[in-house]
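A short write-up of the structure that comes next.
The values are calculated or read from the model by the stated rules, or taken from the named source; none is laboratory data. Here the structure is a predicted model, which means the values were calculated and not measured. Note that each Cβ is placed from the backbone with ideal geometry, even for glycine, and that neighbours are counted across all protein chains shown.
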Amino acid sequence: MASYEEQLKKLKRNVVDLVTEEELLEKLKENRPLRVKLGVDPSRPDLHLGHLVVLKKLREFQDMGHTVILIIGDFTARIGDPSGRSQIRPMLSAEEVRENAKTYSEQAFKVLDKEKTELRYNSEWLEALNFEDVIRLTAKFTVARMLEREDFSKRLEAGEPLSISELLYPIAQAYDSVMIKADVELGGTDQLFNLLVGRKLQQDYGQKPQIVMTMPLIEGTDGHLKMSKSYDNYIAFNDPPDQMYGKLMSIPDELILKYMRLLTDISDEEIEEYGIKMEGKEINPRDVKMRLAWEVVSFFYNESEAERAQENFIRVFREKKLPQEMEEIVVNDTKKSIVDLLFENKIVQSKSEAKRLIVQGGVKIDEEKITDPFVEVEIRNDMVLQIGKRRFFKIKKNFG
């Protein structure tokens, strides 16, 4: 078994903030399963590769014998986490949150060991608080302390509105730590303030303060903004292999090494060697990106799916051919509105999304671009429907 110092060294890899290293080493030396917390708000139905950064660190804790407490923020999601926001986030209904939460645990267990994970919902204790409880809880913090948060202070200086509910969010998240007696809490760098509030509240409740660890945020496929469904620059856990591979191949070259370091198990030495070779033009960044895409697809699926996705990518983008395998759509009609074709086969989530995609030139049939959202398509057997650069569907006409 690795020494405590060796465990600490591994756990520190890629970590941005660690409050404090000395306390974490002390906890490791207690030689007991630590309770390691991550809270995720189901504000959207999918997890993406930005979440993978933190989940991989949690898995490291599990592999060392510790227990992960995954808190689905079904209550806090109704408030909306203001971290990194320049304006008030719309509040979600309980129904919207429940719908989004359905797939969260299933997706998280693609990374985490289910047997070493305690799954909790924070409505369990937050819904039980009455108004007096909330007042007593908020009395432990001053407005000045809350305004130490950089994004809060910036919004006030800019004359942007800041709701009382947003000031309550860090306290609600901190109360989660009290209720599950967290030893360690992880989050992205944008969560540092919230995690530190958890330390203080635990002390107020007579508990040892949790260790705070933050992980880097990763930029999305655009290369600039934080990966997020809101910015449509995300790669989802549930993306099909071809789509996941293609999206990874679309990231800017300057993100290759960062993605490798944070999303794969490729050694630091090998990543450094790739960096040197790319800088010296000894290797094409495209080939390094292919290794990255293969590793990530293999992690979520398997090696054969990664090989297939890679072959399809080469076939479509290098050789300009159609992929060998395509998802089939069975159509009963002789003619079909292009919008209905996309919506009824769940290629898009709404008809307005279908229209937007068509107008933007993102839809082709047999390599011919469709730009009129009101067009009716004559259905033929084995027509190829292409959505964007990476999604292909073969249409099968039902002659019955």
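Worth pointing out:
- Positions within the range 137-156 being surrounded by fewer than 18 Cβ atoms within 10 Å (Cβ to Cβ), of a type outside the set (D, E, K, R) and more than 17 Å from TYR175 (Cα to Cα), in sequence order: VAL143, ALA144, LEU147, SER153, LEU156
- Filter result (under 30 Å from LEU11 (Cα atoms) and in contact (Cβ under 8 Å) with a residue 60 or more places away in the chain) within the range 131-185: ASP151, TYR169, ALA172, GLN173, ASP176, SER177, ILE180, LYS181, ALA182, ASP183, VAL184, GLU185
- Selection status of ILE276, farther than 24 Å from HIS224 by Cα and β-branched (Val, Ile, Thr): no
- Restricting attention to the range 383-399 and to residues that are out of contact with any strand residue (DSSP E or B) (no Cβ under 6 Å at 6 or more places or on another chain) and in a loop (DSSP other than H, G, I, E, B), the residue that is surrounded by the most Cβ atoms within 10 Å (Cβ to Cβ) turns out to be ARG390.
- Residue match in the range 194-214 (condition: under 16 Å from the mean Cα position of the chain (by Cα) and at pLDDT 95 or above): yes
- Residues that are surrounded by fewer than 18 Cβ atoms within 10 Å (Cβ to Cβ) and either out of contact with any Leu (no Cβ under 9 Å at 6 or more places or on another chain) or at pLDDT 95 or above (or both), drawn from the range 169-192: MET179, LYS181
- Any hit, the range 152-167, residues being of a type outside the set (Lys, Arg), closer than 25 Å to LYS200 by Cβ and in contact with a Ser or Thr (Cβ under 7 Å, 6 or more places away or on another chain): no
- Residue check, ARG59 part of a helix (DSSP H, G or I), assigned by TED's automatic domain parsing to the domain that holds LYS200 and under 30 Å from ASP232 (Cβ atoms): yes
- Any hit, the range 230-239, residues being closer than 24 Å to ALA172 by Cα and modelled with pLDDT under 95: yes
- Neighbours by Cβ (under 6 Å, 6+ apart or cross-chain): first from the range 290-319, at pLDDT below 95; second of a type in the set (Lys, Arg): ARG315/LYS321
- Taken over the range 11-50, the criterion of being in a loop (DSSP other than H, G, I, E, B) and either surrounded by 17 or more Cβ atoms within 10 Å (Cβ to Cβ) or under 22 Å from the mean Cα position of the chain (by Cα) (or both) is satisfied by ARG13, ASN14, VAL15, VAL16, LEU34, ASP41, PRO42, SER43, ARG44, PRO45, ASP46, LEU47.
- Residues considered: LYS247, LYS200, LYS226, LYS258. Of these, the only one that is more than 22 Å from GLY39 (Cβ to Cβ) and either touching a Phe, Trp or Tyr at 6+ places or on another chain (Cβ under 6 Å) or in contact (Cβ under 8 Å) with a residue 60 or more places away in the chain (or both) is LYS247.
- Filter result (buried (at least 17 other Cβ atoms within 10 Å of the Cβ) and touching a strand residue (DSSP E or B) at 6+ places or on another chain (Cβ under 9 Å)) within the range 248-257: ILE251, LEU255
- One residue stands out among those in the range 267-296 that are of a type in the set (A, V, I, L, M, F, W, C) and buried (at least 17 other Cβ atoms within 10 Å of the Cβ): the one that is nearest to the chain's Cα centre (by Cα), which is VAL296.
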